[in-house]
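Everything on this sheet refers to the single structure shown next.
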Amino acid sequence: MNSYEAVIGLEVHVQLNTAAKIFCSCSAEFGAEANSHVCPVCMGFPGTLPVLNGAAVDKAVQVGLALGCEIQKFSIFDRKSYFYPDLPKAYQITQMFYPICLGGSLNIDTKSGSRRINLTRIHMEEDAGKLIHGEGESAAYSYVDFNRASVPLVEIVSEPDIRSAEEARLYLQKLRTILRYINVSDCNMEEGSLRCDANISIRPVGEAELGTKVEIKNMNSFRNVQHAIEYEIARQTEILSEGGHIRQQTRLWDNDRGITLAMRSKENAHDYRYFPDPDLFPLKLTDEKIERLKKTIPELPDSRKARFMQEYSLSAQDADLLVSEKDYADFYEDALKIYSSPKNIANWIMSELLRVVNQKGLSIFNAGVAPADIAQLVKLIESGAISGKQGKEVFAEAVETGKTPEAIVSEKGLSQLSDKGELYGIVQKVVKANPSEAERFKSGEEKLLGFFVGLVIKESRGKANPKLVNEILKETLK
Amino acid sequence: MDNILGLTLAELSALLERKELSSRELIAFYIDRIERFDGKLLAYLYKDAESALKRAEQIDDRRAKGEKLPRSAGLPCALKDLIVTSDMPTTCASKMLEGFISPFDATAAKNMREAGYISLGKLNMDQYAMGSSGESSYFQKTVNPWDYSRVPGGSSSGSASAVAARLTPVAISSDTGGSIRQPAGFCGVTGLKPTYGRVSRFGVVSYASSLDQLGPITNSVEDAAFVMDVLGLNDPMDSTSAPSKTDFYANLQRAGDSLKGVRLGLPEGHLSDLAPGLKAAVENALKDCEKLGAEIVNVDFPLAAKGLPVYQMIANAEAASNLAKYDGVKYGHRANIAELEEMYSITRREGFGPEVKKRIILGTYILLEGQYEEYYRRAMRIRRLIRKDYDAAFKKCDLIVGPVSAGVAFRFGDKTISAMEMYLNDLFTVLLNLNGSCGITVPCGFGEDNLPVGLQFQGDMFAEDALLRAAHIYQQSTDWHKRIPALLENGVER
């Protein structure tokens, strides 16, 4: 049997998080009451005209800059025509012929190493409204929510460089990380602020020519994307293995049944009748503007990861986790500025703080402890003022109350007894009170050390620094 | 009161300011004329006498209290029925938008109201501004006040007819391929198409977005300039809107009375194939211009013959796209059918008239994959070349001059006029829309069957001041614009 390789390209729609919609001043916020963020313009009323939101242009350029695209100083908005109730003007304003960005790429880390996935283009467009199909008594009706109509989008189109479902998922995750870094979108697939269509074909390994491609839609989570592509590769492989041929078509992912279903074939494809929108002049960008936007792009995850590994001697895995969200990495470096203990601070963030962040669904900067608190906590532990175990209690208390670790330690009297003179006194007292055990220890019964340590700590009401107690006991009982 | 008809807007404004005339009297005067004559003329699609009188009284009250009012406060106007208004229906003379009331006001309507103009109503037109005779209106056929068996021209049929019959001193209209200038010529009134971008298109129901432009139809160039000071404001709601200009009227006051030094370009061939009576009137007007000091020079538009097909490609393509939104989902007519695709299709079949359907079908075809390159892209390329011809012409002359139509107003349903001949009536007007610059029609005499003839001046981009000046100087040397047609009231001429 032949073995096949998959050839996959992704088209990703990302909602830009501007305050207003792309062609009117309505709020672009997600989750409002249906049809509360609408006006005659985004409802396509007679006589209305689009006016381009400059903030959306800035964000689209930032996306292009972060992904290494060539920003086009001249781009044009076109009309894409089709009838559907969620499309108020019966055309979508998009960029067909002259998109705002060309080229670009991003790197994914696969098991077999880093792979570069090239981009074809990025263009700007407006979102459509949302159809909500009635249930129960109103099952015969469909409703339209125009809140989403005209929310700004960029469509990021990859080259067919992706070779597996796993790579597709990694590509999307990397894209999401980068876009969140530059704060252009929250990239939430469940809420639809990131949506992905996949073009998939397969060909015998070694074959240069592309097979017939199938487009998959309706995948609304990263996991669905992976599952749908896995399914589709298997489906196509089976057809070709049995001597069949692939039909060029669009298929929908049915998540409940875990399969893709044919939606429309090429013969029924739309003719979208693209032409330049006469209501909008071509979009021109100056070098100055592009330069200004370049300065807003922060250090991106790939280079930040490399720097963390080099500067802070973190493992690739730890660095990956810390740079996976810009907030995590910022929090980490804010803490390091206050107390430079890269390994321990990284561990505290990854093991304790992120657990709380994930549990509570909060952002890392709102989880109850500031970077300074983590720095202080690690410093208290490293200086021996409190034990690691006490540190965890202090952390929990800090998350709960918002108090600083130092305040908690002093309030609870937690700080360790590390005064050698005082400890010496306690040790003397304990040894004197247990002369026979002292003799047995001296004659070689070393396991009794634990017995004495326990008594000393008890005598100090738990405050004695165990490490120092050990040292003093060994010296005393020599 | 009857001498009101002979007064300019500025003169009426002065009477109002001096309280020698109240706005209520002025508005009541026009409402009376509408009531007496519009039954036969059919220029208005919607009238609201009560609201107009109420607004007039409010303005009179404010004036009585000594409030400082804009100079146009209390003057009447009317709007072509594609300018959306929240206080009156906007139908585009179509069944599709029958009874439609916009949730907002067009910028032009808002600017007029804020300047104190009082709207008498909405004026008939060719359906969706598609036509040259007014006959494609779904509701009624406006007649030409000079001969009720003749069309007033189109698409601004109601506007030109109403202004000629003095049922309003000013109508705000639109010109996509001649829709202001041609009916102004047919009805013997003054019609200005400003430069594309000069007047906001926000709230103007789109026909062909890259060609549509609002402008006034009035009884004189002076009145056109007076109104333009209100219409010429920049509008952030229209991306193609030009910077504000509000000194049209002030500049016209310094016009003088000589055309000395003005070079008028006469396009090659524009005087051939004209109706003889119309031709004579135009030639006399050109002689008048020369007597006023103008120099007539020849200019050439080698691509003129391509103008009409290029215009049709672009206008129909844009129209097909602009009119796609009328799908019955959100507003306007909806066929009572449950299935979606069928609802769309029957809604549009019922809502649009035959001329509109024809243009949508043509425009849709032109934009199909495969046809787009062949037709639309090529049309856009020729459009750019036509603009170069204009640039070249304006190096040889200051303004272009010539007829605005090949013949005088024709009879309703004249079967001797083919569809192609109807389109040929656009020939003298569409090139200017493709160029985007400004033009004006002024009455210049009477031709066949004693019907009015218009003279067209065309200016360069944003050169309204020069255009208005020349047209004004010519007009002041004539009295064509002061002729008022005899109107029928209960079968009796008045």
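The values are calculated or read from the model by the stated rules, or taken from the named source; none is laboratory data. Here the structure is a predicted model, which means the values were calculated and not measured. Counting neighbours? That spans all protein chains shown, and the Cβs are built from the backbone with ideal geometry, glycine included.
Could you tell me which residue of region A:195-215 is nearest to the chain's Cα centre (by Cα), considering only residues that are within 17 Å of residue A:119 (Cα to Cα) and hydrophobic (A, V, I, L, M, F, W, C)? In this case the residue turns out to be A:196.
Taking the options B:318, B:290, B:341, name whichever one is within 12 Å of chain A (Cβ to nearest Cβ), in a helix (DSSP H, G or I) and surrounded by fewer than 19 Cβ atoms within 10 Å (Cβ to Cβ). So that I can check it myself, show each step before the final result.
Details: B:318 fails: surrounded by fewer than 19 Cβ atoms within 10 Å (Cβ to Cβ); B:290 fails: within 12 Å of chain A (Cβ to nearest Cβ).
After ruling out the rest, the residue left standing is B:341.
Condition first: in contact (Cβ under 8 Å) with a residue 60 or more places away in the chain and crowded, with 24+ Cβ neighbours inside 10 Å. Now tell me which residues in region B:88-97 satisfy that. Please lay out each step first, then the result.
Restricting attention to region B:88-97, the residues satisfying the condition of being in contact (Cβ under 8 Å) with a residue 60 or more places away in the chain are B:90, B:92, B:94-97.
B:90, B:92, B:94, B:96, B:97, listed by residue number.
Restricting region A:344-360 to residues that are under 16 Å from the mean Cα position of the chain (by Cα) and in contact (Cβ under 8 Å) with a residue 12 or more places away in the chain leaves a set whose member that is farthest from residue A:380 (Cα to Cα) is A:354. Might you let me know whether region A:8-15 holds any residue that is within 20 Å of residue A:104 (Cα to Cα) and in contact with a Gly (Cβ under 8 Å, 6 or more places away or on another chain)? For region A:8-15, residues within 20 Å of residue A:104 (Cα to Cα) and in contact with a Gly (Cβ under 8 Å, 6 or more places away or on another chain): present. Within the option set B:78, B:73, being part of a loop (DSSP other than H, G, I, E, B), closer than 30 Å to residue A:49 by Cβ, at pLDDT 95 or above and in the same structural domain as residue B:106 (by TED's automatic domain parsing) holds for one residue only, B:73. Of all residue pairs spaced 6 or more apart or on separate chains, those with beta-carbon atoms under 9 Å, a first member in region A:158-174 that is under 13 Å from residue A:118 (Cβ atoms) and a second member that is assigned to a helix (DSSP H, G or I) and not hydrophobic (A, V, I, L, M, F, W, C) are A:158/A:171; A:161/A:167; A:161/A:171; A:162/A:171. What about residue B:234, is it surrounded by fewer than 16 Cβ atoms within 10 Å (Cβ to Cβ) and either in contact with a Cys (Cβ under 6 Å, 6 or more places away or on another chain) or more than 14 Å from chain A (Cβ to nearest Cβ) (or both)? So residue B:234 does not fit the description; no.
Residue A:77 - would you say it is assigned by TED's automatic domain parsing to the domain that holds residue A:132 and surrounded by fewer than 19 Cβ atoms within 10 Å (Cβ to Cβ)?
Judged against the criteria, residue A:77 is not a match.
Across region A:26-72, the number of residues qualifying as of a type in the set (Gly, Ala, Ser) and either part of a helix (DSSP H, G or I) or within 10 Å of another protein chain (Cβ to nearest Cβ) (or both) comes to 8. For region B:476-492, which positions are free of Cβ contacts under 8 Å to residues at least 60 places away in the same chain, out of contact with any Lys or Arg (no Cβ under 7 Å at 6 or more places or on another chain) and at negative phi? Hits for region B:476-492 are B:479, B:492. Restricted to region B:98-116, and to residues there that are surrounded by 24 or more Cβ atoms within 10 Å (Cβ to Cβ) and within 14 Å of residue B:214 (Cβ to Cβ), the residue that is farthest from the other protein chains (Cβ to nearest Cβ) is B:112.
Considering only residues that are in a helix (DSSP H, G or I) and within 14 Å of another protein chain (Cβ to nearest Cβ), look in region B:357-370 and name the one that is nearest to residue B:126 (Cα to Cα).
Going through region B:357-370, the residues in a helix (DSSP H, G or I) turn out to be B:357-367.
If we keep only those that are within 14 Å of another protein chain (Cβ to nearest Cβ) as well, we get B:360-367.
Working: B:360: 15, B:361: 18, B:362: 18, B:363: 18, B:364: 21, B:365: 23, B:366: 23, B:367: 24 Å.
Looking at residues that are in a helix (DSSP H, G or I) and within 14 Å of another protein chain (Cβ to nearest Cβ), I get B:360.
Applying a threshold of 7 Å to beta carbon distances and a minimum spacing of six or more residues, or different chains, the list of pairs starting in region A:408-426 at a residue that is touching a residue at least 12 places away in the same chain (Cβ under 8 Å) and ending at one that is among the polar types (S, T, N, Q) and in a loop (DSSP other than H, G, I, E, B) reads A:409/A:415; A:416/A:387; A:416/A:465; A:417/A:460; A:417/A:465; A:418/A:465; A:426/A:460.
Of the residues making up region B:197-225, just one is touching a strand residue (DSSP E or B) at 6+ places or on another chain (Cβ under 6 Å), away from every other protein chain (no Cβ under 14 Å) and assigned to a loop (DSSP other than H, G, I, E, B), namely B:220. Here region B:446-475 is the region considered, the condition is being on the phi < 0 side of the Ramachandran plot and part of a loop (DSSP other than H, G, I, E, B), and the residue that is surrounded by the most Cβ atoms within 10 Å (Cβ to Cβ) is B:459.
In region B:82-97, what residues are within 15 Å of residue B:136 (Cα to Cα) and within 11 Å of chain A (Cβ to nearest Cβ)? If the condition is that a residue be within 15 Å of residue B:136 (Cα to Cα) and within 11 Å of chain A (Cβ to nearest Cβ), then B:82, B:91, B:92, B:94, B:96, B:97 are the ones that fit. Filtering A:132, A:122, A:117, A:93 for residues that are more than 12 Å from chain B (Cβ to nearest Cβ), more than 18 Å from residue A:8 (Cα to Cα) and of a type in the set (A, V, I, L, M, F, W, C) leaves a single hit, A:132. Within region A:387-436, the only residue that satisfies the criterion of being over 31 Å from the mean Cα position of the chain (by Cα), at pLDDT 85 or above and not in a helix (DSSP H, G or I) is A:434. When you look at residue B:22, is it touching a Phe, Trp or Tyr at 6+ places or on another chain (Cβ under 7 Å) and polar (S, T, N, Q), yes or no? No; evaluated as a whole, the condition is false for this residue.
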